[in-house]
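Just below is one structure, and these are the notes that go with it.
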Amino acid sequence: MPKERLVVVGNGMAGCRAVEEIIKRDPDRYAVTIFGAEPRVNYDRIMLSPVLAGEKTFEQIVINDAAWYDRNVAALHTGRKVARIDLAAKRVEAEGGLKVPYDKLILATGSDPIRLPLPGADLEGVVTFRDLDDVGAMVAAAEKGGRAVVIGGGLLGLEAAYGLVRRGMDATVVHLMDILMERQLDESASYLLRGALAERGVETVMGAQSEAILGEDGSVAGLKLKDGRVLPCAILVMAVGIKPAVEVAKASGLACQRGVVVDDQMRTSDPSVFAIGECAEHRGIAYGLVAPIWEMCRTLAEVLTGDPEAAYEGSTLQTRLKVSGVDVFSAGKFAGGPGCEDLVFRDAGRGVYKRVVIEAGKVAGAVLFGDIVDGGWYYDLMRRGEDIAELRDTLVFGQQITEALRGADPRSAVAAMPDQQEVCGCNGVCKGEITAAIAGQGLATLEAVRAVTKASASCGSCTPLVEQLLQLTLGDGFQVQTGPKPVCACTGKGHDEVRRRILAEGLKSIPAVMQALEWATPDGCSACRPALNYYLLCAWPGDYRDDKQSRFINERAHANIQKDGTFSVVPRMWGGVTSAAELRAIADIVDKFAVPTVKVTGGQRIDLLGVRKEDLPAVWSDLNAAGMVSGHAYAKGLRTVKTCVGSDWCRFGTQDSTGLGVRLEKFMWGSWTPAKVKLGVSGCPRNCAEATCKDIGVVCVESGYEIGIGGAAGLNVRATELLTKVATEQEAIWTICAVTQLYRETGWYLERIHKWLGRVGIETVRARVEDPEDRRALYDRFAYSQRFAQIDPWAERVAGRHAEEFTPLTRRLEKAPA
Amino acid sequence: MNAPVKDLVSPTWTDVGAVSDIPVRGARRAPTARGAIAIFRTGDGRLFALKDACPHKGGPLSQGIVHGHAVACPLHNWSIDLATGEPLGADRGKGCAAVVPLQVREGRILVGIG
Ligand code: SRM
Ligand SMILES: Cc1cc2nc3c(=O)[nH]c(=O)nc-3n(C[C@H](O)[C@H](O)[C@H](O)COP(=O)(O)OP(=O)(O)OC[C@H]3O[C@@H](n4cnc5c(N)ncnc54)[C@H](O)[C@@H]3O)c2cc1C
Ligand code: SF4
Ligand code: FES
C-alpha cells in the first residue's frame, strides 16, 4: 500500500514534535514533507534565552539534526514559506511556485511577535525576540555596548534584558502594568523579582506608557514615554506579546478566530487539515507555552495513527523564568478567584515568598519566589485534583515536611523531632538547646526562652514551634501569652515593631514591608494597608509616594462621604475667622451647584453637604478662586483649630488667642497624623474655645501659655493633662509642633492622642519636649515633613490630578471590538 | 475567562472603558440606565463588577478599599466578596450585591448590562 502524504507547515517546536510522535506510533504510515520559513533545522526555541545570555550555543539547542531528517522525512524545505493552501485540490503552494499535494496537512506556524505601531518603530536597532536571527541581531548590537531598553516586562522581555546585561549592556525594562509578569505573578512576587533583577543590573520602570521611538541617522537612539521621560538606548527590544500566525490559514479559507480554530482532535474546519502549537485556538484558548503543545502533539499523533477518539481537553499551565539565580514559578490560578483561599508563607531572611491557592479542597494554583523546589509537586497535586484536607496544615512548607508529618499529630511530630534539628533558622538554635534551657533553667514563657536561647527572637516564624516545645516540656503549666496587639489578622507583628523595622531596614513601600515582615496575605487588608501607608509617609517624607488605593474614600476623594454617596465640602476657615468675601463666595457656590444643606460645624467652619462627586473639582475650583483651601475635615491629620476672640476684643482676654490659633493652623495644616488632631486656643481660663477637651489645647494666662494634651469629647470625654507652661507664643508653637511630631512618630494608626498618652505616659512626653535639643529636633522634623505635606489637595485635583477619581466611566454603546 | 465566542460579539455586552482606566487595587463607577455598577481591579490584575450598592445600607462599593478579592464598604466597613457579592466574615449571609457579568476583550472591559 502506498504511504499517505503528510505535509507539515512549520518546522518549529510543534511541527517536529508531532512528526516524532507519529513516527513513534507508526513509522511506515506517512511520507512526510516539512516546510519551514527559517533557514535551519529545528531547535529548542525556549533555549534562545540562554543562547542570548551566552550560557549556551546554538549547537547545544538543536533538537533534530540533519541526520534525523534524512532518516525520517521524505522532504525538508527550509527557508521556504508556504503561501497558500488549496483546500479543494488538497495541495500546498509554497513561495517560488513549489506545489505539494497532501492527504493530511498539519499547520504548525507558531506565532509572530507583536510590534507596537509607535512612531519610529521601523528604525534600525528596533528588534523583537522570537527566532535565532533576532538573537543574532541583539548579540551584534550588544557588542557596541550602551543601554538597551526592553518594552514589556513579561517572561520574554525580562529574559531578553537579562541576556543583554550578560552581553555587557545596561538594560531597562519598561512595563505598562504595575506588576511584572502580571499573567504569572502577583504583586508580592513581582516586588521580589524587581529586587532580584535590580541586583543583576536590570532596571525596571513600571506603569510606563511608550509614546515614540527616537532615532538618530536612521538608528534607534531612545524611547520617549507618555510622561515625557526619555530613556536613551542603543537597541530597543519589543517584547509586548505574540499573535498566532494565521495568515496562511485565513487566506486559504480555514475558520480562524485569534488562532486557527480546532476541535478536541486538533482538526480545523477542513477535515483533512489539523493545527497544533501556538497557531491553534482550542476551546477559545491560544496557548503560548510548550507544555500544552506536547499534549496536543500526542493527541494528534493518536488521531492520525488510528485512534479517532483521542481527545485533547486543554491544559493547565506552569511557568518558570529562565534568569540564572532567580527562581520564579507560577501555575494555574495563582491569583485565586471566586471561592479560593490563600496559604501564604514568607521568609524575609531568604527572600522567599510562596502562595498556594486552594479551591474546593484542592490546589488550584501557586506562585513561588526564591524557593521553587516544590513547584512541580504543587503542579502535580493540582493536575491530579488531589484532596488536600490532610496536607493543608503543612502544604505551604513543601513536600518534604508534609510527607514526613503526613497524618501525624503536630505535637507528636514535635516530640519526635531529633534534638539536633534546627528550630530557629535565624539564630541557629536546635530543639535540644531549647528543651534543655526550659527544663534546666525553669523557663516558663516565650519571652524567657527568647532571652536565654535567642530562639524565636528574630523573625519569629518559629514562634509556634517554640511554643509547642514549651507546652511539651511543661505540660499544662504553660499558657500561650499574648504579645503586643498585632496590626491586623494579616500579621502577628505589632505596630511598634512594624514602625521600628520600617526605619531600621529602610523599607520604603508597602510590598517591601509585607515581605520583610512576612505578611500572611498577598496584599493586606483594609486595616493594615492604610496603617502601613501612614507609617511609610511619616518615616520617609518627600521620598515615599502616597498609595492612593490604601486610603479610605474620604482621604482619597478629599471630601467626606455621606450616607447617600454624595460628599461634604468643608473649606478651612483659619482659627474660625472668616470674611464677607469668603461668605459671598460660599453663597455663590451654594447657588451655582444647588448645594442642599449649608451647616455651621462644631469646629467653627462651614460645611456644604450633599455635593455630587463629579462636581467636587468644580466646587473646589471656585473655593480656591476665593482663596480657600481644603479643611481636611476628612483627614487623619490636622482638623480644626478652635479659637475664641481673645485679647483683641474680649474684656478678659490675656493673649491673642485668635492670632495664635490662626498661626498654628497655618503652620500645621496638611500634616498627616495617626488619627485626627484637633486644637483649641482659649484666651483665658474661662475657656470658651473648649481647649481643655481637644487633642492639644492652649489656655492663655497673664504669664504665658498653658499647654495641655490628651483631651477628647467624642466617644470618650476627657480633659487635657497639663504638659508644660511656656512664656512666649513662639515657644508655644515649637512645643505644640514637637508634641505633634512625637505623636506622629510613635502613635499607632487610628490611636487618638489621649489613647497614645495613656500608653506612653505624660512623663515621657514631657521629658522629650522640655529638653530644648530634643524639642528642636522634633520641631525640625515636623517642619521638614510639612514641606511636602502643605500642598492643597483640592488645588491639585482642580489642576487635573487623579481626574479619574471624579469621572465615572462612560458607556460606549457601539458594539464591542470583535 | 474564556467565554464562548458568540457571547463576546453579542450586542448585550457594553464597553465601559479600558482595563487601564481602573486603578490597580481600586475601582471606578459606571452609571447605567439600570443603576450604577462598580468595576474593580485587584492587586493581581483581575477585574470584577458588582451593582454599586452594598447589601447593608446601599453604600457605594466603588468607593471602598479593595484588598485581596474583596472590597471594604466605605460606609460601615463590611467586607464584600468581589466574586460573589456576598458579605464576608461576621456579616456572612446578610444579603448580596448583584454580580454583573464582565469580560475583557483586547484590553477593553465589557459588562453584561444589556
Ligand atoms: C461636621 C461635624 C458635625 C457638625 O455638623 O458640627 C462632624 C461630623 C462628623 N464627625 Fe465629628 N463632626 C464635627 C465635630 C466633632 C467634634 C467637635 C469638635 O471638633 O470640636 C467632636 C468631639 C471632639 C473630639 O473629636 O474629641 C467630634 C467627634 C467625632 C468622633 C468621635 C471621635 C473620638 O475619637 O471619640 C467621630 C468618629 C470618629 O472619628 O471615628 C466623628 C466623626 C464624624 C464624621 C466624620 C462621621 C463620619 O465618619 O462620616 C462626620 C462627618 C460629617 C461630614 O461629612 O462633614 N466625630 N466631631 C463637625 C465637623 C468639625 C469640623 O469643622 O471639621
Ligand atoms: C525566547 C523565548 C523563550 C521562551 N521560553 C519559554 C519557556 O521558558 N517555557 C515555555 O513553555 N515556552 C517558552 N517559549 C515559548 C515557546 O518557545 C513556544 O510556545 C513554542 O516555540 C511554540 O511552538 P510552535 O511550534 O507553535 O511555534 P514555533 O516554535 O515558533 O514554530 C513555528 C515555525 O513555523 C515557521 N513558519 C511560520 N509560518 C510559516 C509558513 N507560512 N511556512 C513555513 N513555515 C512557517 C516559523 O518560522 C517557525 O519556525 C519561549 C519563546 C521564546 C521566543
Ligand atoms: S454626632 Fe457626628 S458622627 Fe454622629 S451623627 Fe452627628 S455628625 Fe455624624
Ligand atoms: S452600607 Fe456598606 S457597610 Fe453599611
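Some observations on this one:
- Unique residue being within 28 Å of residue A:539 (Cβ to Cβ), within 16 Å of ligand 1 (Cβ to nearest atom) and within 14 Å of chain B (Cβ to nearest Cβ) when the list is A:664, A:679, A:750: A:750
- Just one of the numbered conditions (1) within 12 Å of ligand 1 (Cβ to nearest atom); (2) on the phi < 0 side of the Ramachandran plot is not true of residue A:710: (2).
- Applying the criterion of being crowded, with 24+ Cβ neighbours inside 10 Å and part of a strand (DSSP E or B) to the residues of the range B:33-47, the residue that is nearest to the other protein chains (Cβ to nearest Cβ) is B:39.
- Only a single item in (1) out of contact with any strand residue (DSSP E or B) (no Cβ under 8 Å at 6 or more places or on another chain); (2) assigned by TED's automatic domain parsing to the domain that holds residue A:670; (3) among the aliphatic types (A, V, I, L, M) is not met by residue A:795, and it is number (2).
- Unique match (being more than 10 Å from ligand 2 (Cβ to nearest atom), in contact with a helix residue (DSSP H, G or I) (Cβ under 6 Å, 6 or more places away or on another chain), in the same structural domain as residue A:253 (by TED's automatic domain parsing) and not in a loop (DSSP other than H, G, I, E, B)) among A:76, A:48: A:76
- The residue that is nearest to ligand 2 (Cβ to nearest atom), counting only those in the range A:669-690 that are surrounded by fewer than 24 Cβ atoms within 10 Å (Cβ to Cβ) and among the hydrophobic types (A, V, I, L, M, F, W, C), is A:672.
- Being out of contact with any Asp or Glu (no Cβ under 7 Å at 6 or more places or on another chain), within 11 Å of ligand 2 (Cβ to nearest atom) and more than 14 Å from chain B (Cβ to nearest Cβ) is a description that does not apply to residue A:150.
- Restricting attention to the range B:4-44, the residues being closer than 20 Å to residue A:806 by Cα and modelled with pLDDT of 85 or more number 25.
- Options A:633, A:585: the member that is more than 16 Å from ligand 1 (Cβ to nearest atom) and either in a helix (DSSP H, G or I) or of a type outside the set (Ser, Thr, Tyr) (or both): A:585
- Evaluated against (1) under 10 Å from the mean Cα position of the chain (by Cα); (2) surrounded by fewer than 17 Cβ atoms within 10 Å (Cβ to Cβ); (3) facing chain A (nearest Cβ under 10 Å), residue B:77 falls short on exactly one condition, (1).
- Restricting attention to the range A:222-252, the residues that are without any contact (Cβ under 8 Å) to a residue 60 or more places away in the chain and not charged (D, E, K, R) total 3.
- Scanning the range A:550-573 for residues that are of a type in the set (Phe, Trp, Tyr) and either outside the structural domain of residue A:594 (by TED's automatic domain parsing) or surrounded by fewer than 22 Cβ atoms within 10 Å (Cβ to Cβ) (or both) gives a single hit, A:552.
- Residues of the range A:196-206 satisfying the condition of being surrounded by fewer than 20 Cβ atoms within 10 Å (Cβ to Cβ) and under 23 Å from residue B:23 (Cα atoms): A:205, A:206
- Any chance residue B:97 is surrounded by 19 or more Cβ atoms within 10 Å (Cβ to Cβ), within 12 Å of ligand 4 (Cβ to nearest atom) and at the interface with chain A (Cβ under 10 Å from one of its Cβ atoms): no
- Only residues that are within 14 Å of another protein chain (Cβ to nearest Cβ), more than 13 Å from ligand 2 (Cβ to nearest atom) and of a type in the set (Gly, Ala, Ser) were counted across the range A:312-333, and they come to 2.
The values are calculated or read from the model by the stated rules, or taken from the named source; none is laboratory data. Predicted model, so just to flag it, every value in this text is computed and none were measured. Neighbour counts are summed over all protein chains in view; Cβ atoms, including those assigned to glycine, are modelled from backbone coordinates with ideal geometry.
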